[in-house]
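The values are calculated or read from the model by the stated rules, or taken from the named source; none is laboratory data. Just so it is clear, the structure is predicted and the values come from calculations on it, not from any experiment. A quick note on method: Cβ atoms are made from the backbone with ideal geometry, for glycine too, and the neighbour counts reach across all protein chains shown.
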Amino acid sequence: MTDSVDVLITADRVPNYAHPGDAGADLHASEAVVLGPGERATVGTGVAIALPDGYVGFVVPRSGLAFKHGITIVNAPGTIDAGYRGEIKVALLNTDAREAHTIEVGDRIAQIIVMPVSRARFVEVERLPGSLRGEAGFGSTGLGEHKSGVNA
């Protein structure tokens, strides 16, 4: 059994977990919208929450919408801070180059994952300690040898 946290909510439709053990609870559209090829739109969910301090909500795409229709979230994951009290809106993007996609009221458009977060204490130093990866950037973990000469 995992720990749970109480999240205060006002909602047209309360998010729900589709299956036991799911990490994300489904968010539903509170408005209809047609997303043309390559278009994006902010879609309301009719949900507002009050997360406890030390928690964050991440709004993530639904894999079925992404795979079947090319619908994703522009800023995935969308971050809901504990102090935010407004409606959760989802910035959807239709990545399909040919087909429009219609979102109806009540459609599952995203998932929310609620989890604890740590606050970082940023400590300025003159120099960072070394590491195996070093300064190698994007895509560097798939290379056999980094610019620094250290093998991956």
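Values as computed for the structure displayed
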read-out	value
Members of segment 4-21 found to be in a loop (DSSP other than H, G, I, E, B) and of a type in the set (A, V, I, L, M, F, W, C), listed by number	Val5, Val7, Val14, Ala18
Condition met for Leu51 (out of contact with any His (no Cβ under 9 Å at 6 or more places or on another chain) and farther than 14 Å from Asp107 by Cα)	yes
Among the residues listed as Thr102, Thr72, the single one being in contact with a helix residue (DSSP H, G or I) (Cβ under 7 Å, 6 or more places away or on another chain) and either of a type in the set (Ser, Thr, Tyr) or surrounded by fewer than 14 Cβ atoms within 10 Å (Cβ to Cβ) (or both)	Thr72
Odd one out for Asp6 among (1) of a type in the set (D, E, K, R); (2) out of contact with any Ser or Thr (no Cβ under 7 Å at 6 or more places or on another chain); (3) surrounded by 13 or more Cβ atoms within 10 Å (Cβ to Cβ)	(3)
Residue pairs meeting the criteria (Cβ under 7 Å; at least 6 apart or on separate chains; first over 17 Å from Met115 (Cβ atoms) and of a type in the set (Ser, Thr, Tyr), in segment 43-56; second surrounded by fewer than 18 Cβ atoms within 10 Å (Cβ to Cβ) and at pLDDT 95 or above)	Thr45/Glu87
Residue check for Thr45: surrounded by 12 or more Cβ atoms within 10 Å (Cβ to Cβ), among the hydroxyl-bearing types (Ser, Thr, Tyr) and touching a His at 6+ places or on another chain (Cβ under 7 Å)	yes
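The rows are residues; the columns are (1) more than 19 Å from the chain's Cα centre (by Cα); (2) not β-branched (Val, Ile, Thr).
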| position | (1), (2) |
| --- | --- |
| Asp3 | yes, yes |
| Asp6 | yes, yes |
| Thr10 | yes, no |
| Pro20 | yes, yes |
| Ser30 | no, yes |
| Pro37 | yes, yes |
| Ala48 | no, yes |
